[in-house]
Amino acid sequence: MPRKGVKRTMDEIQKTLLAQVADLHEVPAGAYNIRANGSLAGRNTTANIDIVTKGDQPGIDIIIKPGTKNESVHIPVLLSESGIKETVYNDFYIGEDCDITIVAGCGIHNGGKDASEHSGIHRFFVGRHARVRYVEKHYGQGDGTGGRIMNPTTEITMEEGAHMELEMVQIKGIDSTQRKTEASLAQEASLVVREKLMTHGTQYARSDFAVALNGDGSTADVVSRSVAKEQSKQEFHANIVGNASCSGHTECDAIIMDEASVTALPALTANHVDAALIHEAAIGKIAGEQLIKLMTLGLTQEEAEEQIISGFLK
Amino acid sequence: MLELRNVSYEVEGDKGDNKEILSHINFVFDKRFTAITGPNGGGKSTLAKLIAGIITPTEGTILFNGEDITGMSITDRAKAGISYAFQQPVRFKGITVKDLITLAAGKKLSTAEACGFLSEVGLCARDYISREVNASLSGGECKRIEIAMIMARQTELSVFDEPEAGIDLWSFQNLIQVFERMYEKINGNIIIISHQERILNIADEIVVIAGGQVTQSGRREEILPKLLNTPNAATNCQVLEQKEAGRERKTE
Ligand SMILES: Nc1ncnc2c1ncn2[C@@H]1O[C@H](COP(=O)(O)OP(=O)(O)OP(=O)(O)O)[C@@H](O)[C@H]1O
Ligand SMILES: [Mg+2]
């Protein structure tokens, strides 16, 4: 679809959502697929990146030719009508030796009373020695009483020597989220996950990570930083399974405030004598001395908290 | 000008009894550069925390430029013009050196301006400006950043708690110069808590705090030779010195 077409079909609310989830103020350069209120609002393919609508179920296939370097794919999803419920299946086929960035994000504006719900099921097939950076941002807004719900599932299959970095961010406005991420890694493959999460009000967020290190020399580093405010609830579950000579690390670092609740359940399973696995979990309120230091610089307690949290989630 | 009137600070002891950490301190900080020294555990940092408002006295009054600030919050004191460089700098996650310097300055700074404060304390700005002030910084680096923050604040009263601690020998002379430059520029008062003769050596006035009390105070020329001739500051006859300190205050 030509760029002009996209501009015409997007309203102001959708543009705000787009800016929040994809840092985009205009249509992106490179390949993209914009889904708005359940239908296609824009698509661009390149010589190396093809995007094809699935025939049997809602969603797309993103096919990236082997050896594609320094290209990006943006696939934002925008929901600005109240009461939409959708499940979308997106499959990414990333060829050998690629080096690419994928930006997925979902923004919900709910100004009505019905719940808006988006469940994205993403499967990644990462070819040998390919490098992928995947950024996923979730954002909600609108003053309607209807819930803003997102339940993303990510399944990753990594071939020999593949490298993938996932940056998953949910800072504002999502009432309920259950995120499932599963990965299996072949020899020398490496996975890095950085999750950043903030919940407030009565929000609920649960993350489940399951990583199978199947090949010798594979590594995984799963780190979640979160802030739980007011009466919100968070759960962090991570299970790293070492089936080979591999190394894995999971970490959950949470700041708890007000009457919030945080559960961290990191788990490790070693099925191989050379599997080196570590988990760390820490939950606590903001350190008093950090607040005091910033207050001695002239910040109020509220301003100090804000600085500490935004730094922590940076 | 900062004045302490009959300031005491007590905490609850292990056996539920009261433990007096500072006892009836009377002192006026009106010199450009006052150094506080004295044995470990004497109460120096406690005094600094009382000045910054981190703790409040159980008795007595603190006056800043004649205004009673005893009940004032940390934030309001900071805004009124009091700065405090901690003995043990605080570390953060995700907050960078530039963030802290900017917050300290209280206004947007260009990278060049922020770097200026770092260079002043002998840190190569380029290497540090975007580093997180987290556990990866060395102790000495943290101390320097702590000092740079106070430089950036440019307040009327600056309290430094053992700024030289952890600063390598090589840089020590530079640190002295930092304070000398500050001395030239400041339109107010600097208080430095220190165990170092070379820092005491540039003070106008020296205060000795031991056992929660001011045991000696006076002009540097007068106090420093006495200190240097005292084999052990902690066990030197405190009763005598207290009397002496009292007498000096009266004659001021
Ligand atoms: N909250 C507290 N509870 C119990 N004791 C305390 C408390 N705060 C300080 N103290 C005690 O008060 C005394 C004075 O402490 P302070 O930190 O002021 O000493 P200082 O003079 O700064 O020593 P140093 O030279 O080692 O830095 C110490 O014995 C310390 O253990
Ligand atoms: Mg001390």
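The values are calculated or read from the model by the stated rules, or taken from the named source; none is laboratory data. Small disclaimer: the values here were computed from a predicted structure and weren't measured. Note that each Cβ is placed from the backbone with ideal geometry, even for glycine, and that neighbours are counted across all protein chains shown. What goes into the accessible areas is simple: the full protein's heavy atoms, side chains included, and nothing from ligands, DNA or RNA. Shrake-Rupley method; radii C 1.70, N 1.55, O 1.52, S 1.80 Å.
Between chains A and B, what is the buried accessible area in Å², counting both sides, with a 1.4 Å probe and ligands, DNA and RNA left out, to the nearest 100?
Numbers: alone 13830 and 12350 Å², together 24370 Å².
So the buried area, both faces added, is about 1800 Å².
Taking B:K15 as the anchor, which aspartates and glutamates have their alpha carbon closer than 14 Å to its alpha carbon, excluding any fewer than eight residues away along the same chain?
Candidates past the 8-residue exclusion: nothing left.
Give the aspartates and glutamates reachable from A:K113 as a straight Cα distance under 14 Å; neighbours fewer than 8 places away on the same chain don't count.
A:E81, A:D143, A:D175
Under 17 Å Cα to Cα from B:K93, which aspartates and glutamates show up? Leave out anything in the same chain fewer than 8 places away.
A:E195, A:E251, A:D253, A:E280, A:E289, A:E303, A:E305, A:E306, B:E132, B:E141, B:E146
What FRET efficiency do you get for A:R194 and A:D61 if R0 is 35 Å and r is their Cβ-Cβ distance, rounded to the nearest 0.05?
The calculated FRET efficiency here is 0.85.
List, in the order given, every pair from A:K137/A:K196; B:K49/B:K79; A:K172/B:K98; A:K54/A:K137; A:K233/A:K285; A:K172/A:K196 whose Cα-Cα distance in the structure shown is over 18 Å.
On the way: A:K137/A:K196 9 Å; B:K49/B:K79 16 Å; A:K172/B:K98 26 Å; A:K54/A:K137 23 Å; A:K233/A:K285 15 Å; A:K172/A:K196 11 Å.
From the list (A:K137/A:K196; B:K49/B:K79; A:K172/B:K98; A:K54/A:K137; A:K233/A:K285; A:K172/A:K196), the Cα-Cα distance tops 18 Å for A:K172/B:K98; A:K54/A:K137.
In nm, to one decimal, how far is the modelled label at A:Q301 from the one at B:E184, with both set 7 Å along Cα→Cβ?
4.3
Need one number: % antiparallel among DSSP beta bridges in chain B, to the nearest 5.
55
Under the rule a/c < 1.5 gives rounded, and otherwise a/b versus b/c splits prolate from oblate, where does the stretch A:28-167 land using the Cα gyration tensor? Don't jump to the answer; show the numbers that get you there.
Details: a/c = 2.28, a/b = 2.01, b/c = 1.13.
Since a/c reaches 1.5 and a/b is larger than b/c, the shape of the stretch A:28-167 is classed as prolate.
Enumerate the residues in the stretch B:19-44 having an amide nitrogen under 17 Å from the point lying 7 Å beyond the Cα of B:T56 toward its Cβ.
No residue passes the distance filter.
Just the number, please: carbon plus sulfur as a percent of the accessible area of chain A, 1.4 Å probe, no ligands or DNA/RNA counted.
Of all accessible area on chain A, carbon and sulfur atoms account for 48 percent.
Determine the shielding of peptide A:304-311 by partner chains: average, over its residues, the number of Cβ atoms on other chains within 10 angstrom of each Cβ. Let's see the in-between values first.
Values: counts 3, 0, 0, 6, 4, 1, 3, 10.
If you average over the peptide's residues, the count of other-chain Cβ atoms is 3.
Among DSSP beta bridges whose residues both lie in the protein assembly as shown, state the antiparallel percentage, nearest 5.
The antiparallel proportion sits near 15 percent.
Efficiency by 1/(1 + (r/R0)^6): what FRET value for A:T101 and B:K15, r their Cβ-Cβ distance, R0 = 60 Å, to the nearest 0.05?
With R0 = 60 Å, the Cβ-Cβ based efficiency is 0.40.
Between A:Y93 and A:T269, what is the label-to-label distance in nm when each label sits 7 Å out along the Cα-to-Cβ direction?
For the pair A:Y93/A:T269, the computed spacing is 3.1 nm.
Name the shape class, rounded, prolate or oblate, that the alpha-carbon gyration tensor gives for the stretch A:55-105, where a ≥ b ≥ c are the square roots of its eigenvalues, rounded holds for a/c under 1.5, and otherwise prolate holds if a/b is larger than b/c and oblate otherwise.
In terms of gyration-tensor shape, oblate.
For the protein assembly as shown, what is the accessible area per residue in Å², given a 1.4 Å probe and the full set of protein chains?
43
Going by the alpha-carbon gyration tensor, a ≥ b ≥ c the square roots of its eigenvalues, is chain A rounded (a/c under 1.5) or, if a/c is not under 1.5, prolate (a/b greater than b/c) versus oblate?
Judged from the Cα gyration tensor, chain A comes out oblate (a/c at least 1.5, b/c at or above a/b).
Tell me the label-point distance for the pair A:D208, A:E230, using the 7 Å Cα-to-Cβ offset, in nm and rounded to one decimal.
2.7
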